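Notes follow the structure.
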Amino acid sequence: MPLALLALAVVAFGIGTTEFATMGLLPQIADGIGVSVPQAGNVVSAYALGVVVGAPVLTGIGARIPHKRLLILLSGLFVIGNVASALAPTFGWLFAARFLAGLPHGALFGVGAVVASRLVAPERAGRAVSRMFLGLTVANIVGVPAGTALGQQFGWRYAYCAVAVIGLIALAALAAFVPDQPRGSQAGIRHELRAMGNKQVAIGLATAVVGFGGFFAVYSYLVPILTHLTGFSDSSTTLVLALYGAGMTLGTLIAGPLTDRALRPTLYGGLALLGATLVAFYFTVHSTVPALLTLVVMGAMGALVTTPVQMLLMAKAKDAPTMAAASNHSAFNLANAGGAWLGGLAISAGWGWASPALVGAALAAAGLGLAFTGGLMDRGSGTSEVITSSGTKSLTDTDQVTAG
């Protein structure tokens, strides 16, 4: 089991590296293909668009394919997308290649989360899913800085080549270590879409879009905030971002056990603490040590939210959790776009570089309100279905306080 979870974490590591390293290489990409930096920034949007489109579409197409085989096929598409990115001769081809690279992102995480949850006993499913997400947070500590440095030193194309190699390693590990998990007799696109019609799934996705948008309202502008207000030099921001990634890793490590013990309270606490930390950052950003400490906590609280949201969606989609789990990553990318847009509006309005922190706090509070709404609906429904490694089990009202 540890090797299977490690294989899934390697997939997440590659995804995190290719997604975020692009942001640090925009000047090199712009010079290499002869466009402006703002125009080069559209390749980031192309990847996000690929995630939003690919998560439901590819999950639906692969609804009858056994999970292991689907993971291998999606990893192959991920490798192809990054090789195409490295070889793209013009901006148009690079835009298309980044869209292609983003297509398997959400489906890989969604299918991977379902596979991870079924590798272990039901009471440890949250821990297993969080172990997969560790690959994403470690990418922010190691993969993104390394990919950025490689691209800056030898050219941005080498960064995408390196990610493609990671993808090949992940593909081999999936083939070697992940056990077969055959689909049930009811597997299919109609079954998955029917599960997506659950109101609790819709509220869970809305919670991810709005609540996690608070995280991205600050993360998107973290480098200029740190240079303009905290006084960090451009050269030192990479180390600060790695520290931020360390906070995310810490949050992911504690999210699994807490989610297994008390799903909804973990979600409530994560969103509430994220909002409080964002407010604190508004005041601590002008002092180096307090700002760094707040950043670590902010990263931890942002990561703390991801596992309970993922597990909640899988629970509410009952015995067809794959598309709900994949769509969660479409929601996160919408949160990325929406949070960045609202944070940018605050800066453009003249409210100052620290203003995205308050925007983020408001979004976290709104996400908390949506999460509470879902919890109240659960209490009124009488029972709740929670996915297990062998199927589902019905929980009584007294169980809902912990499993939601």
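Couple of notes before you dig in:
- Residue in the stretch 6-25 that is open to solvent by 50 Å² or more (accessible area, probe 1.4 Å), closer than 27 Å to Val142 by Cβ and acidic (Asp, Glu) present: no
- Pro308 open to solvent by 30 Å² or more (accessible area, probe 1.4 Å) and more than 17 Å from Val218 (Cα to Cα): no
- Filter result (part of a helix (DSSP H, G or I), farther than 14 Å from Gly211 by Cα and touching a residue at least 12 places away in the same chain (Cβ under 8 Å)) within the stretch 359-382: Gly375, Met377, Asp378, Arg379
- Close pairs from the stretch 22-40: first outside any helix (DSSP H, G or I), partner modelled with pLDDT of 80 or more and of a type in the set (S, T, N, Q), Cβ under 9 Å, at least 6 apart: Leu25/Thr148; Leu25/Gln152; Gly34/Thr90; Val35/Asn42
- The set of residues in the stretch 338-358 that are in contact with a Leu (Cβ under 9 Å, 6 or more places away or on another chain), assigned to a helix (DSSP H, G or I) and open to solvent by 30 Å² or more (accessible area, probe 1.4 Å) comprises Leu342, Leu358.
- Any hit, the stretch 74-84, residues being part of a helix (DSSP H, G or I), surrounded by 18 or more Cβ atoms within 10 Å (Cβ to Cβ), touching a residue at least 12 places away in the same chain (Cβ under 8 Å) and out of contact with any helix residue (DSSP H, G or I) (no Cβ under 6 Å at 6 or more places or on another chain): no
- Where a residue in the stretch 139-155 is without any contact (Cβ under 8 Å) to a residue 60 or more places away in the chain and its partner, wherever it lies, is surrounded by fewer than 17 Cβ atoms within 10 Å (Cβ to Cβ) and hydroxyl-bearing (Ser, Thr, Tyr), with Cβ under 6 Å and at least six apart: Leu150/Tyr158
- From the list Arg124, Arg69, Arg131, the one residue that fits, being without any contact (Cβ under 8 Å) to a residue 12 or more places away in the chain and either not in a loop (DSSP other than H, G, I, E, B) or not β-branched (Val, Ile, Thr) (or both), is Arg69.
- When we screen Leu342, Leu334, Leu376 for residues that are under 24 Å from Val240 (Cβ atoms) and not β-branched (Val, Ile, Thr), the only hit is Leu342.
- Among the criteria (1) free of Cβ contacts under 8 Å to residues at least 24 places away in the same chain; (2) closer than 15 Å to Gly32 by Cβ, the one Cys161 does not fulfil is (1).
- Criterion (under 21 Å from Ala337 (Cα atoms), modelled with pLDDT of 95 or more and either buried (at least 18 other Cβ atoms within 10 Å of the Cβ) or in contact with a strand residue (DSSP E or B) (Cβ under 7 Å, 6 or more places away or on another chain) (or both)) met by exactly one of Leu278, Leu273, Leu241: Leu278
The values are calculated or read from the model by the stated rules, or taken from the named source; none is laboratory data. Only a predicted model underlies this, so the values are computations on that prediction, with no experimental measurement involved. Every residue, glycine as well, gets a Cβ built from its backbone with ideal geometry; the counts of neighbours run over all protein chains shown. For accessibility, only protein heavy atoms count, side chains too; no ligands or nucleic acids. Shrake-Rupley method; radii C 1.70, N 1.55, O 1.52, S 1.80 Å.
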